[in-house]
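One structure is given here, and the rest of the page talks about it.
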Amino acid sequence: MGTAQTLNRSMTLRESSSKHWDEADFRVIFLQHYARIVAILVRLLGDRSPAEEVANDAFWRLYHQPALQIDCNVGGWLYRTATNLGIDALRASGRRRQYEGTAGRLVEERTVAGPLDDLLREEKCRRVRSVLASIKPAQAQLLILRNSGLSYKELADALNVKMSGIGTMLIRAEEEFRNRYLALHPNELHPNEEEL
Amino acid sequence: MTCIDDGILRARLDGELAGTELTEVNQHLAACADCGARFERLSAETARTADLLTTLALVGNDSALNPAVAYAQFRSQFGTADEPKDSWISRLFAPRWRPAWGLAAGTVVVAILVGVSPVRTWAQRVLAMLRVQKIAVVTIDPSTLMTGREPDSRPYKLINQFMADNVVVTMDPGKPDIVPSVTKAAQLAGYPISTIGSLGAPQSIEVNGETAFQMTINRDRIEMLLEEVGRSDIRIPDSANGALIAVHIPRTVISMYGDCPARHSHAISDTQSQAEALAERKMERMASMNNTNCTYLVQAPSPTVSVPPELKMAEIAEAALQLTGMSPSEAHSFCQTVDWSSTMVVPIPRNTSSYETVSVDGVEGTLITETLSQGNRYSLLWIKNGVIHSLAGHGNSSDALTLAASLR
């Protein structure tokens, strides 16, 4: 899917006094980005329903930010805002088991690998989300966006950073993620870990 | 070519290099054993992280997602008209914020509330039991706290994170009971219920269940979050670290008069889930569009807050007030004027709100008015017989006093 920053240039530049987006322009942006944003949030939250809630919240905020209509980076804003909200939601959920339960149920419905594999996968998802919720939000955001397939350029647009710094940021974020994960689950060392 | 830094190696690994840069890096990697080894190590580490993170991709099914349908649903859900900006007052005192308000009582530490007044012991850890007996108002800059609207509303996130990580709900209020009469409400609540005589019978009355939760203050965690929002200058007192705070909120009665929006849809579950929080916010928005004729009367016995005796609430309150934009000296001065043993401190926005002390129901009350582009809103707060009353609606302060005069 294309990136975020391809805002339709034919959009009417609205007066700053306007309180919301032009409807037609907003619809274009919604249709362009909605599916990908929901897919990212599903990874983060484990279920379509809260993912769509959070995505709607992000679009609702966008709708009331008419100044962004003349911003070429509206997609970046959306990815940033949606993942900020998603990480907030992940952290705010003191009862993450609800989501993990849902995620587990989804797995159960669709996999053919057998119940043990499903259980293991479910547990792994729970652990990964738990670690994402515990590291710095900016790092969790970078990891989830990169893992969802955003290019360095898209990441730079979404996070308002220089593209040349993305590689280093990824290394640091992944290191933090791995360290936190292994601290919590020391028995889950990857076989290669022993060799390094 | 000098050795390649890890960031570029990572970009090479991710296929993000092109042209001459890619050629140069490839040539160097072929010639430099050190960089080659680092590249291999980086590849292994990246693969290991990817192995964990890609697990998340296996969950969920987006095959049926139709953006056009989603857009139609979005439109029907949120409408297209301009919504009035949420009233700070309504956000604080509107009934739909009662659960959040309950949590706000817990946010105490970061935002509001009481002090220390040892009354009795509790579960051996014994704590001071605090009850709200009076109300004080502090003006703040709301743009710095809990605006909740801006995408990078960091203080809001801070509080959310703190709550999520530290709060354990020990008594879930469940869904509210809609009761047919004031008499029934009083029976359920266990205390007398006032009504606004001049408005006739309430359109609806809800009785919300008891709520209780506990939170443990993790100073390192709070300071880390403060640092994230650029307020590392705020220090959390030593006495707060590890303190267990328990909050109990008795049954609350909400009477609604006039055209009040329906408050409870299927979207509100009985758990404190993130979906619920979102649904609640959404409902709040929808409700704020069309409730100019709606008046709420909330009656809530004082929450009981249990804190360790050594916890210095005034110091915590100082930190909280600094978070709202107050200077350290202002916060310190204010905290000296408040009896933290029994006072609920209500923050109101400096620029759009005013407050005055009035006489209501035979006691002293605080009347807060907020000026918005859609008109004024008021919230009249008073405490009588240990029950906090909040009368909130659209209009001027005189409207509030007229309604309050007909209380019975």
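Worth a mention:
- In terms of packing, defined here as the mean over residues of other Cβ atoms within 10 angstrom, the peptides A:54-65, B:22-33, B:186-197 line up highest first as A:54-65, B:186-197, B:22-33.
- Packing-based exposure ordering (other Cβ within 10 Å, fewest first) of B:CYS3, B:CYS335, A:CYS72: B:CYS3, A:CYS72, B:CYS335
- Annotation: the residues B:VAL298, B:VAL307, B:VAL69, B:VAL345, sorted from fewest to most other C-beta atoms within 10 Å of their own C-beta, follow the order B:VAL69, B:VAL345, B:VAL298, B:VAL307.
- Likely footprinting exposure, B:THR295, B:THR20, B:THR46, fewest C-beta neighbours within 10 Å first: B:THR20, B:THR46, B:THR295
- Per residue of peptide A:27-38, the mean number of Cβ atoms on other chains within 10 Å of the residue Cβ is 3.
- Taking label positions 7 Å along the Cα-Cβ direction at both A:CYS72 and A:ARG172, the computed distance is 2.7 nm, reported to one decimal.
- B:GLU364-B:ASP220 FRET efficiency (beta carbon distance; Förster radius 51 Å; 0.05 resolution): 0.80
- Peptide packing: for B:199-206, A:30-37, B:357-364, A:150-157, the average count of neighbouring Cβ atoms within 10 Å per residue gives the ranking A:30-37, A:150-157, B:199-206, B:357-364, highest mean first.
- Available extension along the chain between B:LEU22 and B:ARG235 is 71.8 nm, counting 0.36 nm per residue and deducting the alpha carbon span.
- Derived scalar couplings between HN and Hα for region A:22-38 equal 5, 4, 5, 5, 5, 4, 4, 5, 4, 5, 5, 10, 4, 4, 5, 5, 5 Hz in order, rounded to whole Hz, by the Karplus curve 6.51 cos²θ - 1.76 cosθ + 1.60 (θ = phi - 60°), x for Gly and Pro.
- Per-pair calculated FRET efficiency, R0 = 25 Å: A:ASN179 and B:ALA33 via Cβ, rounded to 0.05: 0.35
- Only Cα pairs under 8 Å and 6+ residues apart enter the sum, and on that basis the relative contact order of region B:345-408 stands at 24 percent.
- Extended-chain gain in nm, criterion 0.36 nm per residue less alpha-carbon gap, B:SER43 and B:ASN396: 120.5 nm
Each value in this text was obtained by applying a stated rule to the coordinates, not by laboratory testing. Because the structure is a prediction, the values reported are computed rather than measured. All Cβ positions, glycine included, derive from the backbone under ideal geometry; neighbour counts span all protein chains shown.
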